[in-house]
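To start, the structure itself, in structure tokens.
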Amino acid sequence: MTDSRAIRLPLVSFLMPVAMAFGLSAQAIQPAVSKPARVEQSVPKQGGRPANFPIAVVDVSKASVHTKAMKSGLEELKKMHASYQAALGVLSKQLESLDLEISLMKIPSPEKVEKQIEMSGLIRRREASKKFYDAALTDRRTKMDVLVYREIEAGLAELAKKNGILLVLRKRAHMSTEEVIKQGGTAEEATKRQIGTDRLRDVLYHAPAIDLTEDLIKYLKG
């Protein structure tokens with residue numbers, strides 16, 4: 001196969017004197033080199049994000065706040081905590097009263113020993129109650145987290161199917177420098193927070209258009 005450059009170079013050398021005689025430059029007789037046309041591809045949009053784009057990200061923490069499971073769970077946890085604190089408060093008052101009564105008994109006596117034994121029993125009872133209440137609250141939080149996860153999972157599956165999304169990645173957001181400064185922090189503290197968050201983030205960058213968080217929140221609100 002003949003190399004076109006081998007033919008083109010002698011031809012240019014041959015035509016050069018002719019071109020100069022007519023006042024033409026060397027560039028004028030160089031054969032034009034065609035360049036491939038750049039094709040701009042536009043991505044069709046659906047709402048604020050590309051339509052049928054196969055990848056999306058979601059800020060799960062932000063969306064979780066709007067789940068029914070978290071709203072009802074937090075309300076129940078609040079009531080449980082108030083009830084437990086009231087019960088522990090009663091035991092604490094009994095202990096304070098008994099401690100004062102014992103402190104007024106200057107002379108050792110069988111009655112004083114009985115009060116001390118009673119006080120030791122109340123202390124053990126309060127500690128046992130506190131452990132029971134903490135375990136109950138932890139168990140309720142765990143159940144809430146499971147229900148929240150299931151609700152988020154169901155919402156994502158529905159939205160992904162509806163929008164033709166094949167992959168959803170977790171987006172862990174961090175506070176901006178401006179937000180940290182508004183709360184009394186410094187730019188250096190903001191940078192440290194961002195570095196710490198980046199170690200946990202699954203997505204280090206994403207185009208805003210593929211963020212599905214707001215769509216998920218709307219879905220969860222029903």
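The single residue among Ala82, Ala135, Ala157, Ala128 that is closer than 30 Å to Ala207 by Cα and either assigned by TED's automatic domain parsing to the domain that holds Asp215 or at pLDDT 95 or above (or both) turns out to be Ala157.
Select from region 167-188 the residues that are exposed (fewer than 11 other Cβ atoms within 10 Å of the Cβ) and in a loop (DSSP other than H, G, I, E, B) and write down the one among them that is modelled with the highest pLDDT. The selected residue is Gly184.
Contact map, region 72-99: residues that are under 29 Å from Lys112 (Cα atoms) and in a helix (DSSP H, G or I) paired with residues that are of a type in the set (Phe, Trp, Tyr) and at pLDDT 95 or above, Cβ distance under 9 Å, separation 6+ or inter-chain. Pairs shown: Ala87/Tyr133; Leu88/Tyr133.
Within region 190-222, being of a type outside the set (Phe, Trp, Tyr), part of a helix (DSSP H, G or I), surrounded by 15 or more Cβ atoms within 10 Å (Cβ to Cβ) and modelled with pLDDT of 75 or more holds for Ile210, Thr213, Glu214, Asp215, Leu216, Ile217, Leu220.
Among the residues of region 117-162, those that are polar (S, T, N, Q), surrounded by fewer than 13 Cβ atoms within 10 Å (Cβ to Cβ) and over 30 Å from Asp215 (Cβ atoms) comprise Ser120, Thr138.
Starting from residues that are charged (D, E, K, R) and in contact with a Leu (Cβ under 9 Å, 6 or more places away or on another chain), keep the ones in region 97-138 and report whichever is farthest from Ala87 (Cα to Cα).
Filtering first and then ranking leaves Lys115.
Of all the numbered requirements in (1) outside the structural domain of Ala56 (by TED's automatic domain parsing); (2) under 25 Å from Pro54 (Cα atoms), Thr177 misses one, and that requirement is (2).
Pairs are defined by a Cβ separation below 9 Å, a sequence spacing of at least 6 or placement on different chains, a first member in region 123-142 that is over 20 Å from Leu77 (Cα atoms), and a second member that is of a type in the set (S, T, N, Q) and in a helix (DSSP H, G or I); the pairs so defined are Arg126/Ser92; Arg126/Gln94.
The values are calculated or read from the model by the stated rules, or taken from the named source; none is laboratory data. Because the structure is predicted, anything quoted here is derived from the model rather than measured. Quick reminder, even Gly has a Cβ in these numbers, built from the backbone with ideal geometry, and neighbours come from all protein chains shown.
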